[in-house]
Amino acid sequence: MTNVQAANAGAYDVVVSNAAGLATSAPATLAVSLPEVHFLSTAMLTNGQVQLLFSGVPGQDYIIQAHQPGGLGADFGAHRWQQSPALH
């Protein structure tokens, strides 16, 4: 199957018909799993910003949450990331 999206998940059946009549299959469940996200690298830029490089699905939105390890200090919040069209 091509172009399957998470919204396509669910139960499906097949109806076959001809001059003799029709038959309907038992429902089958289609499960759609997205690939895991993998961090490829991190880098501290000269301007003090952090660059994150990760793999994912083109066109998919991701949320990145940052916090200090151990739960100490400031919570840096969550940021929504959308893939840049230049990266497609």
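Output the number of residues of the stretch 45-63 satisfying the condition of being under 26 Å from the mean Cα position of the chain (by Cα) and without any contact (Cβ under 8 Å) to a residue 24 or more places away in the chain.
10
Can you confirm whether residue 75 is modelled with pLDDT under 75 and acidic (Asp, Glu)? Judged against the criteria, residue 75 is a match.
The residue of the stretch 1-35 that is surrounded by the most Cβ atoms within 10 Å (Cβ to Cβ), among those that are over 14 Å from the mean Cα position of the chain (by Cα) and at pLDDT below 85, is 1.
Strands (runs of 3 or more DSSP E) wholly in the stretch 1-52 with at least 2 residues that are not aliphatic (A, V, I, L, M) - which ones? So that I can check it myself, show each step before the final result.
Numbers: elements: 10-12, 15-18, 21-24, 28-30, 38-44.
Output list reads 10-12, 15-18, 21-24, 38-44.
Report the residue count in the stretch 36-54 for those that are closer than 23 Å to residue 5 by Cβ and exposed (fewer than 10 other Cβ atoms within 10 Å of the Cβ). Write out each step before concluding.
Looking only at the stretch 36-54, we keep the residues that are closer than 23 Å to residue 5 by Cβ, and these are 36-38, 54.
Filter once more, so that each one left must be exposed (fewer than 10 other Cβ atoms within 10 Å of the Cβ): 36, 38.
Of the residues in the stretch 36-54, 2 are closer than 23 Å to residue 5 by Cβ and exposed (fewer than 10 other Cβ atoms within 10 Å of the Cβ).
The values are calculated or read from the model by the stated rules, or taken from the named source; none is laboratory data. Owing to the predicted nature of the structure, the values given are computational and were not obtained by experimental measurement. Every residue, glycine as well, gets a Cβ built from its backbone with ideal geometry; the counts of neighbours run over all protein chains shown.
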